[in-house]
1. Under a point-charge model restricted to the Cβ atoms of Lys and Arg (+1) and Asp and Glu (-1), what is the dipole moment magnitude of the chain relative to its Cα centre, in debye to the nearest 20?
2. Cα-based Rg of region 6-141 per 2.2 N^0.38 Å, rounded to two decimals?
3. Residue by residue through region 114-125, what is 3J(HN,Hα) from phi via Karplus (6.51 cos²θ - 1.76 cosθ + 1.60, θ = phi - 60°)? Round to whole Hz and write x for glycine and proline.
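Each value in this text was obtained by applying a stated rule to the coordinates, not by laboratory testing. All values reported here derive from a predicted model rather than from experimental measurement. Here Cβ is always computed from backbone atoms with ideal geometry, including for glycine, and neighbour counts include all displayed protein chains.
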Amino acid sequence: MQQPTNDDVHAGIRDDLHEASLGEVAKQLTQDMSTLVRQEFALAKAEMSQKGKQLGVGGALVGGAAVGGWMAVLSLTLCLIFLLALAMPTWVAALIVALVWGAVAAVLAMRGRDRIRQATPPVPEQTIDSVKEDVQWLKNRK
């Protein structure tokens, strides 16, 4: 079932207002405002849930980058250092390996940071836009 748009709701209110008494208009306005507020809260809740999921994925990527970078450095560094030490001094081999693993960790961290940025700021942007439309519509009714 498709949700009615603000224009649909507003058109229905205009038609009803021409035939209603002042008491009926006030009652209808109260009901419509209550419905509008509930719909805006539902939209905000859905939007914040989506943003929370994006933040979770970004945080998991950053955490995974840290753990993965650390484990990779610890487990492969010695192997690579010993391999390279066959052709050069051990300290040079260690420096080369450390730089490579640092670059890998940096790339993963940047990807995680980008995911977190996509989800921020954690505000319900669609809800804010919808409320602004509602306020503008109310202002134009006067």
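1. Working: 14 positive and 14 negative charges, 161 e Å.
It comes to approximately 780 debye.
2. Numbers: Rg = 28.9 Å, N = 136, 2.2 N^0.38 = 14.2 Å.
Taking N as the residue count of region 6-141, the ratio is 2.03.
3. Result, ordered by residue: 5, 5, 5, 4, 5, 8, 10, x, x, 10, x, 4 Hz.
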